[in-house]
1. Mean Kyte-Doolittle of at least -1.0 and a Cα length of 27 Å or more along the axis: which whole DSSP H helices of the chain meet both?
2. For every other residue with a beta carbon closer than 10 angstrom to the beta carbon of Ala304, add +1 if it is Lys or Arg and -1 if Asp or Glu, then tell me the sum.
3. GNM on the chain, C-alpha springs below 10 Å: top fluctuator among Ala192, Ala358, Ala304?
4. Using the count of nearby Cβ atoms within 10 Å as a rough guide to exposure, how do Met18, Met248 rank from fewest to most?
5. Quick one: net charge around Trp194, please, counting Lys, Arg +1 and Asp, Glu -1 for every other residue with C-beta under 11 Å from its C-beta.
6. Let me have the relative contact order for the chain, percent, based on Cα pairs under 8 Å that are six or more residues apart.
7. Across bins of 10 angstrom width beginning at 0, how are the C-alpha pair distances of the chain distributed, in whole percent?
8. Under 15 Å Cα-Cα from Lys46, which aspartates and glutamates qualify once same-chain neighbours fewer than 8 residues away are excluded?
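Any read-out appearing in this document is the output of simple, stated calculations on the displayed coordinates, not a laboratory observation. Remember, predicted model here, so these are calculated numbers, not experimental data. In this analysis, Cβ positions are derived from the backbone assuming ideal geometry, glycine residues included, and neighbour counts consider all displayed protein chains.
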Amino acid sequence: MPTPSDHPLRLGFPVKVMGKPGLKSGDTRRWQANPHLKCSLEQVDKVLDYLASERLDMYRLSSDLAPYATHPDMPQFHDMVRESDAELAAFGAKARALGIRLSFHPSQYVLLNSPDDALTAKSIWDLSSQAEMLDRMGLDEEAVMVTHVGGVYDDHDASRERWLRGWERCPEHVRQRLVLENDDLRFSATDALWIHERCGVRLIFDYQHFWCLNPEGLDLRETLERFLATWPTGVRPKIHFSSPRTEMREIKQKITAKQRASGKTVRKGELVKAPVKAGARVKTVLRPPVWTGHADFTNPFEFATFMRTAEGLVFDVMMEGKAKDVSLLKLRPDLLRYAPDVAARFGITAADADALAADEAALESGGAAADESPDVDEGEV
């Protein structure tokens, strides 16, 4: 059943749990150990318990939940989704009972607009497998799979057109769950709207991507409204939000033998993290931030400003901070403290202050730190 209109807006995070050690997002064993979707579901069942205990009600499942299920050279894994029908149904029933909204974000290698027909076909297989899992979980239209347009391949317009042909090749159960997100480097909100107008695919508004790639100068509020309007009446949309990284990037560089011999291991004006010792073979240089990178935590003032811009609009928010659930444990008390009007939209009130203060205290006493892995959109790290 779709979310009631008076239900508070949800906050969610992708895949990796950082706030409680030992929780896994799936069966990550190599193929030699015969990993299985059933094992993944046993592990993610514990994640549902954690989400319920922390009052977190939206979660992005790992795109590798069914390991090797679509690997072309490993047919022994191809039936695992069907074999896990009972387990998927039980998992979906539990998520529904807990009021937890689930989704997938297939990896960046899933491309409907690839000029390589074999890659497109494999991508449709991947999407079909993930859509089948959501179907077998018994989830409604709010359980979606998020994708991007893909590569430009030296011809932006032809690549948009090719995505439409990929969409047309998808089976119906895939098209019912597939949603399209504006990205930060190649295909803007305008491109996503262009595609929607031609095939009807629902759209996911990504806040950070909108600021990184908006050559047409679209208005934020108007664009958000247009994206939300692509969802059917009664089906709650969701969006993505993240703050950009602002700290200096640390990049390790090799020091050549010639540089060591000359003693010129640091160029004039070059910023390094620490003095480079004589004989060192590696140095850590500092570079300005790249604004497409996701910050560990969400800037509460930026988020509150956005939510006030979006006053009156209804949507759930997948928060893509690299600190995952820990970023939400920090954001909620921040909202209550700095923007109680925004907090109230997510069902966070003064009655929650003590519980949220306990979350903050746990973080201050040495909670999990953010992952230093590179950003990937599907949130696998």
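1. On the way: long enough: 117-136 (28 Å, -0.34).
Helices passing the filter in the chain: 117-136.
2. Numbers: positive: Arg308; negative: Glu302, Asp334, Asp341.
With Lys, Arg at +1 and Asp, Glu at -1, the neighbours total -2.
3. Between Ala192, Ala358, Ala304, it is Ala358 that shows the largest mean-square fluctuation.
4. Numbers: Met18 20, Met248 13.
Listing Met18, Met248 from fewest to most nearby Cβ atoms yields Met248, Met18.
5. Working: positive: Arg160, Arg198; negative: Asp157, Glu161, Asp191, Glu197, Glu216.
Counting the neighbours of Trp194, the net charge comes to -3.
6. Working: 668 pairs, mean separation 69.9, N = 381.
Here the relative contact order equals 18 percent.
7. 5, 22, 30, 25, 13, 5, 1, 0
8. Asp27, Glu54, Asp57, Glu87, Asp325
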